[in-house]
Amino acid sequence: MINPGKTAAALLLLLGCCHSLAAQHATLSGQVSGPEGEQLAGATLYLGAAGDSTVIFEGGLRVAGARRATTDAEGRYAFEKLEPGSYRLVIYYPGMEIVRDSLRMPGRDLRRDFRLEMIQGTLGGITVGDRRQQAFGLERLRSVEGTAIYEAKKNEVVVMEDLAANLATNNNRQVFARVAGLNIWQSDDAGVQTSIGARGLSPKRNSHFNTRQNGYDIAADALGYPESYYTPPTRALESIEVVRGAASLQYGTQFGGMLNYVFKDGPPDDPFRLRSIQTIGSHGLLNTFNSVGGTAGAFNYYGFYQYKTSEGWRPNSGLDQHVAYGSVAYRPNARLTVRPEFTRMYYLAQQPGGLTDTQFERDPRQSNRERNWFRVNWNLMALKADYRFSGNTRLNTRFFGLLAGRDAVGNLKRIDRLDLGGNRDLLKDDYANWGNETRLIHRYDFLDGISVFLAGSRIYNGFTHRRQGEGSDGAGPDFRYRNPGNLTGSDFDLPSRNRALFAENIFNLTSRLSLTPGVRFEYIRTEAEGYYRNIVKDLAGNVILDERIEEQRRRERSFLFYGLGISYRFDESTELYANYSQNYRAINFNDIRVDIGSLEVDPDLRDERGFNADLGLRGSHENIFQYDLTLFYLSYEDRIGTVLRTEPNPRFNNLVDRTFRYRTNVADAAIFGLESYAEADLWKLAAGLSSSTRLSLFLNLALLESGYRNSRVPGVEGKEVEHVPPVNLKAGLTFRRGEFQASLQYSYTAKQYSDATNARRTPSAIEGIIPAYYVMDFSAEYRLGRFLLEGGVNNLTGHSYFTRRATGYPGPGIIPAKGRTAYLSLGVTL
């Protein structure tokens, strides 16, 4: 028989338990509206536990253990059965700013309403948390930046404002110190040209990088002659982006990757701001940099003018350079931005020539050439437009063009022979190039997150007019031919065409794992039409043969290549990544026809092919420690190089031999190794995270191995690949307290070879060993309100060394690096 009293007690207990359970499982609800209070239907909300560090979204929303809800027709949402605790909430709606909120569920129902605002700034990517991992002067690109994908790619971003370095001379040894594995040629006195290479690729004028400014090409001819005679002043830069070999899918066929100089914008909160920095330094260095910028209504503008002059560390190495730039960004509404840009650069430099090994050992500052001059005239134009169809879809198109020229006059004969006067060699190039690159990026729902699709096209038309002949017999910068109608060297028109389509997609398979495949189609056409003179003289210098040979060549090829990237995130700050990307490099104009000394070019020269592969681990810990470790393998098939060749001389009825330099497909090259970077804030480790003082120690170490295989040239099989130092080390200490910052840097590069035969020393000094060298640099700066004071010493120990053996200009022969130099800068901002 049922006891009424016990039954009532049981019911009361059951009701109490139910009430208790209900209190433990509450509902979060509310309404999402727009800027004008309108109800937003279809807004996406993600809710995750606050302690779950993987509730951070890059390149598309990545959700780890987070719940998802969508607003209804009246903008309402609800998350039910939530336990008490702390949560992170993200609200996403196309065209609106992303809302991030932290909240605590008290064990009862909670209502939270949100109002979203229209996007006002550039939407680079959808990210919750820090934009990038950052240490002193170095950041990482997000998975999506603007209309570009960098997921699972090795990349670095050099942040200029965080550097204590000699920016007046674009000191690349300091600027790129934290970028692992770069081999830098240090043969430019005042920093008018940059020459960096990586993974065994020649540093010559960045010729193995697709070099860009604000996202568009700046090289002489991106396809036929990808060398950069112009380098943007580092004073004007916001950052420098470096993306390694896997960048080939989006940026073209260069094995090295992409190098992009990003200029500053005008300040968004000031209608007019003037900045002026004046620098003096050793050997007559004077650099004046002046910039203006601001925002007025829908317009943001920025421009600068820089003048630089120097007498040079060696005799006969003076320089005068002028650089000017202007841009205006017009934003008529929240969806559209249009930006025209123009850059003008001119410089005239005297070239002191190269040295033989013996001359360098006796006095590295000596010069045996007084009549060598170099002139560059550069005009870059661009028009960019960015349009947001929605928060999910964005279109970017950029038109760009180059009208430029470079002229070189002087004695290019072997450096072990004196310049006794007479007519000089004169080489002139004129460039007229234009192109367009258009990209569409779209975010879409996939599994439990948002994935990203990118598609793009590229059109590029290049034209180079290249001439070589006899110039004047004077000593000054005279760039006129003695016989312009029938040059003694050659006269060629060199047009090129490039058409490309490419696509990449980030598939966020889980909250931690992503897969990024990509494909690129390339069509390339290169042509050469003109003539060269074949002049043969006897031993007395009399002409016994003078013939003009007309030549016309045309090569067309098209190909498809692929890439794949994989990324796994252990948490918001630690990532394991791997990528594979095919590469292709077309023969350039120097491989078609050039007459420099005893150089000859293989008429059957072929394009180069290969691939890059990376396996890396990168991460950081509470802004105290940051690291990036990468194992890489570069396969470089049909690598073009120069070797010494001996054969019977027809001038002497083949009775004696002649030795000459021969440019051909030498062999297949394999380069592999470890690129590592780590940085720790020693002060914060000792004093705690709350300290505003920083003492940062960084180490940048690359260990490389290389070798030639499948050689087509005798004496090359098994030799080391040129430009591959087995050890490349940079280390530095940076101290920052308040507005004061100072840095001390040490660089060491092991012995490397300059040609495929691994020659140790030759009379011409063009081939031979580049011995191991070290160099130290010190820089400091102090900011006091509107004023800036900078100073430093480069090559602190005055060590004598060289990094380059030049085949032509500015040599031929050994080009010594600068000795000890000092600089002092004073700046003001108004």
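Shape class of region 126-285 from the Cα gyration tensor (axes a ≥ b ≥ c, square roots of the eigenvalues): oblate, since a/c reaches 1.5 or more and a/b does not exceed b/c.
What does the C-alpha gyration tensor say about the overall shape of the chain? Classify as rounded when a/c is under 1.5, otherwise prolate if a/b is larger than b/c, or oblate. Write out the running numbers ahead of the final one.
Numbers: a/c = 2.16, a/b = 1.99, b/c = 1.09.
In terms of gyration-tensor shape, prolate.
For the pair Q278 and R100 in one chain, pulling the backbone fully straight at 0.36 nm per residue adds 59.7 nm over the alpha carbon distance. Per-residue surface analysis assigns I280 an accessible area of about 100 Å², computed on protein heavy atoms at 1.4 Å probe radius. Among the trypsin sites (Lys or Arg not before Pro) in region 347-434, those located in a DSSP loop and surrounded by at most 11 other Cβ atoms within 10 Å of their own Cβ are R417. The label-point distance for E161 and H25, in a model that sets each label 7 Å from Cα toward Cβ, rounds to 5.0 nm.
Order R205, R331, R76 by their accessible area, 1.4 angstrom probe, all chains in place, largest first. Before the final figure, lay out each step's value.
Details: R205 20, R331 55, R76 115 Å².
Largest accessible area first, the list is R76, R331, R205.
Of the residues M776, M96, ranked by 1.4 Å probe accessible area with the largest first, the sequence reads M776, M96. Taking H25, H799 and ordering them by how much accessible surface each has at a 1.4 Å probe, largest first, produces H25, H799.
Measuring only protein heavy atoms, the 1.4 Å probe finds E238 accessible over about 90 Å². Computed from label points 7 Å out along Cα-Cβ, the spacing between E83 and L703 is 4.6 nm. Distance between the C-alpha centres of region 539-577 and region 174-206: 19 Å, rounded to the whole angstrom. Which of the listed residues, V721, P340, G738, is farthest toward the dipole's positive end in the chain, when Lys, Arg count +1 and Asp, Glu count -1 at the beta-carbon? Working it through, the farthest residue towards the positive pole turns out to be G738. Reported to the nearest whole Å, the Cα centre-to-centre distance from region 74-120 to region 666-723 is 45. Using only the Cα atoms of region 182-223, build the gyration tensor, take square roots of its eigenvalues as a ≥ b ≥ c, and label the shape rounded, prolate or oblate: rounded if a/c is under 1.5, else prolate if a/b is larger than b/c, else oblate. In terms of gyration-tensor shape, oblate. Under the convention that each Lys and Arg Cβ holds +1 and each Asp and Glu Cβ holds -1, the size of the dipole of the chain around its Cα centre is about 400 debye. Normalising the average separation of contacting C-alpha pairs (under 8 angstrom, six or more residues apart) by the number of residues puts the relative contact order of region 463-576 at 23 percent.
Note on the chain: dipole from Cβ charges, positive end direction compared against F611, S239, G456; the farthest Cα belongs to S239.
Determine the dipole magnitude for region 722-812: charges of +1 sit on the beta-carbon of Lys and Arg, -1 on that of Asp and Glu, nothing else is charged, the reference point is the Cα centre, and the result goes in debye to the nearest 20. Could you put the intermediate results ahead of the total?
Working: 10 positive and 7 negative charges, 22 e Å.
Computed charge dipole of region 722-812: roughly 100 debye.
Computed over the Cα atoms of region 470-580, the ratio of the radius of gyration to the Kirkwood radius (Rg/Rh) comes to 1.36. Toward the positive end of the charge dipole of the chain, with +1 on the Cβ of Lys and Arg and -1 on the Cβ of Asp and Glu, the farthest Cα among I98, Q186, F400 is that of I98. Expressed to the nearest 5 percent, the antiparallel share of DSSP beta bridges inside the chain is 95 percent. Solvent exposure of V99, expressed as accessible area, is near 30 Å², computed with a probe of 1.4 Å over the protein chains only. Modelled spin-label separation between Y346 and R786, with each label point placed 7 Å from Cα along the Cα-to-Cβ direction: 3.2 nm.
Helical content alone sets the calculated 222 nm signal of the chain at -1500 deg cm²/dmol, taking -39,500 (n - 2.57) per DSSP H segment of four or more residues and averaging over every residue.
Any chance you could run the full-extension gain for D657 through R761? It's 0.36 nm times the residue separation minus the Cα-Cα distance, nm to one decimal. Can you show the working numbers first?
Values: separation 104, 0.36 × 104 = 37.44 nm, distance 2.04 nm.
Result: 35.4 nm gained on full extension.
Which angle between 0 and 90 degrees, to the nearest 10, do you get for helix 4-24 versus the longest principal axis of the chain when only C-alpha atoms count? Its long axis makes an angle of about 20 degrees. Dipole magnitude for region 191-304: about 300 debye, using +1 per Lys or Arg Cβ and -1 per Asp or Glu Cβ, origin at the Cα centre.
Between V328 and E38, what FRET efficiency follows from the Cβ-Cβ distance if R0 is 30 Å, with the result rounded to 0.05? Don't skip to the end; give the middle numbers.
Details: r = 33 Å, r/R0 = 1.11.
The value I calculate is 0.35.
If I take every Cα pair under 8 Å that is 6 or more residues apart in the chain, average their sequence separation and divide by the length, what percent do I get for the relative contact order? Please list the in-between numbers first.
Numbers: 2426 pairs, mean separation 85.3, N = 830.
Relative contact order here is 10 percent.
Could you please state, rounded to a whole Å, how far the C-alpha centre of region 444-467 is from the C-alpha centre of region 310-333? Taking the Cα centre of region 310-333 as reference, the centre of region 444-467 is 30 Å away.
The values are calculated or read from the model by the stated rules, or taken from the named source; none is laboratory data. None of these values were measured; they are calculated from a predicted model. A quick note on method: Cβ atoms are made from the backbone with ideal geometry, for glycine too, and the neighbour counts reach across all protein chains shown. The protein model used for the area step is the full one, side chains on, heavy atoms only, and it has no ligands, DNA or RNA in it. Shrake-Rupley method; radii C 1.70, N 1.55, O 1.52, S 1.80 Å.
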